[in-house]
Amino acid sequence: MITVLSGGTGTPKLLQGLKEIVDPEELTIIVNTLENDYFSGVYVSADIDTVLYTMSDIINDELWYGVKGDTFVTNERLNEIGCPELLRIGDIDRATKIQKTQLMEKYGLTKAVEIQAEKMGITSKIIPMSDENSDIKIITDMGELEFHDFLIKHQSQPEVLDVKFSKVAPAPGVVEAIKNSEAVIIGPSNPITSISPILSLDGVNDALKETYVVAVSPIIGSDSVSGPASKFMKALDIEVSSIGVASLYETFLDNFVIDNEDIDKKQQINQIVNKVTITNTIMNNLGAKKNLAQIIIDSIP
Ligand code: GDP
């Protein structure tokens, strides 16, 4: 079994490649839940839904949010009747969220996701990192902001001074999945708001130390490929580069995959992690996604 730690954009791109070259039944995906919250009366777990849609081939992979070709009848009607949504939720996507909200009330998040994955014909195991709700605050020059207010309402524009999130308990199966895997892949996801929350769960760091861990840098050169990762790293005084990301994963990392563009950083990263793999990590088509996935799989001893 191979376990992948995922957020909602970079790692799902890699999953599209991985599921073509590895039997999906052999994949367990532990997904960030830090940003989960209720919107428009439904529970929104954006990263989990992105992974569900990715693994069932219906993801809108232009936005990395929602379902390809979705309609917005309910969203538009809500606007018309004076109830605009902060998150623009599509009709099919909303059905997923309504079902998850109902299932959660009865069974909790982990079981709800398991049922949904099965209904979507997904054979990989998808586990939320926690069944508990996190509290995340982005401290900015405009004051303390909720995550989605920062990301959507303010378009990630404010200067970030700090990122704070509460500690939650790992969901059942998280630590066990890592322990029982021949390798763990940390995809190119936001190291602060997607991967660190998973790493902060009790038992995860120790389990990773006992497992072969390969990570892909989400930072190329001195910026993130997309999203606010670099802003968050800067606020936390972490160098915005693949070197900074490697230092975050130092205690358990066995192989770090960096982009061709960062070849000049190899020597410095080698002081943090023994093995450094240099290749193209920009996944802008299926060929690139499969290539990167194959290089990662081939590196597993
Ligand atoms: P979020 O949940 O939407 O924030 O998404 P993730 O945490 O999964 O991913 C965001 C990170 O993925 C950003 O830091 C990007 O720099 C990185 N990313 C997105 N696409 C790529 C890519 O093609 N290659 C690499 N190396 N990183 C990527």
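Each value in this text was obtained by applying a stated rule to the coordinates, not by laboratory testing. Computed from a predicted structure; not experimentally measured. Cβ: placed from backbone, ideal geometry, glycine included. Neighbour counts: every protein chain shown.
Taking R0 as 22 Å, what FRET efficiency do you get between LEU236 and MET142 from their Cβ-Cβ distance, rounded to the nearest 0.05? Before the final figure, lay out each step's value.
Details: r = 18 Å, r/R0 = 0.83.
E between LEU236 and MET142, to the nearest 0.05, is 0.75.
My understanding is that a pair violates if its Cα-Cα distance is over 22 Å; which of LYS111/LYS153; LYS68/LYS289; LYS125/LYS290; LYS106/LYS179; LYS97/LYS290; LYS209/LYS275 do that in this structure?
Values: LYS111/LYS153 32 Å; LYS68/LYS289 19 Å; LYS125/LYS290 20 Å; LYS106/LYS179 29 Å; LYS97/LYS290 30 Å; LYS209/LYS275 15 Å.
From the list (LYS111/LYS153; LYS68/LYS289; LYS125/LYS290; LYS106/LYS179; LYS97/LYS290; LYS209/LYS275), the Cα-Cα distance tops 22 Å for LYS111/LYS153; LYS106/LYS179; LYS97/LYS290.
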Take each of the peptides 3-9, 141-147, average the number of other beta-carbon atoms within 10 Å over its residues, and list them starting from the highest. 3-9, 141-147
Give me the percent of DSSP beta bridges within the stretch 210-301 that run antiparallel, rounded to the nearest 5. 20
Amide N of the stretch 80-108 lying under 11 Å from the label point, which is placed 7 angstrom from the Cα of THR71 along Cα→Cβ: 91-92
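Given R₀ = 30 Å, what would the calculated FRET efficiency be for ASP298 paired with GLU250, taking r from the Cβ atoms and rounding to 0.05? Present the calculation step by step, with values, prior to reporting the outcome.
On the way: r = 24 Å, r/R0 = 0.79.
The computed FRET efficiency comes out at 0.80.
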Give the Kirkwood hydrodynamic radius (Å, one decimal) of the stretch 216-301, defined as one over the mean of 1/r across all pairs of different Cα atoms. 13.2
FRET efficiency for ALA169 and MET1, using Cβ-Cβ distance with R0 set to 25 Å, rounded to 0.05: 0.65
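Taking every DSSP beta bridge with both residues inside the stretch 1-140, roughly what % is antiparallel (nearest 5)?
Details: 4 of 13 bridges.
Bridges in the stretch 1-140 that DSSP calls antiparallel: roughly 30 percent.
Over the stretch 1-121, what per residue volume does the convex hull of the Cα atoms give, in whole Å³? The partial results should precede the final answer.
Working: hull volume 12.5 nm³, N = 121.
Per-residue hull volume (Cα only) is 103 Å³.
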Using the charge dipole of the chain (Lys, Arg: +1 at Cβ; Asp, Glu: -1 at Cβ; taken about the Cα centre), state which of ALA293, THR50, SER156 has its Cα farthest towards the positive end. ALA293
From the Cα centre of the stretch 87-146 to that of the stretch 233-301, the distance in Å is 29
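Where the only charges are on Cβ atoms (+1 Lys, Arg; -1 Asp, Glu), what is the dipole of the stretch 1-92 about its Cα centre, to the nearest 20 debye?
Dipole magnitude for the stretch 1-92 comes out near 120 debye.
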Just round it to a whole percent: the fraction of Cα-Cα distances in the chain exceeding 28 Å. 35
Net dipole in debye of the stretch 29-150 [+1 Lys, Arg Cβ; -1 Asp, Glu Cβ; about Cα centre; nearest 20]: 520
What percent of all Cα-Cα pairs in the stretch 68-189 falls into each 10 Å bin, going from 0 up to the bin containing the maximum distance? 11, 25, 36, 24, 3, 0
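Can you quote the Å³ per residue value for the convex hull of the Cα atoms in the stretch 93-133, rounded to an integer? Intermediate values should be presented prior to the final figure.
Working: hull volume 2.9 nm³, N = 41.
So the per-residue hull volume is 71 Å³.
If you count the DSSP beta bridges with both ends in the chain, what percent of them are antiparallel, to the nearest 5? It would help to have the intermediate numbers written out before the result.
Details: 15 of 40 bridges.
Antiparallel bridges: around 40 percent, rounded to the nearest 5.
Roughly how big is the chain's charge dipole about its Cα centre, with Cβ charges of +1 (Lys, Arg) and -1 (Asp, Glu), in debye to the nearest 20?
Details: 25 positive and 44 negative charges, 51 e Å.
It works out to roughly 240 debye.
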Determine the relative contact order of the stretch 56-189: mean sequence separation of Cα pairs under 8 Å and six or more apart, normalised by residue count, in whole percent. 17
Mean-square fluctuation check for the chain, GNM, Cα pairs under 10 Å: which of LEU248, LEU27, LEU63 is largest? LEU63
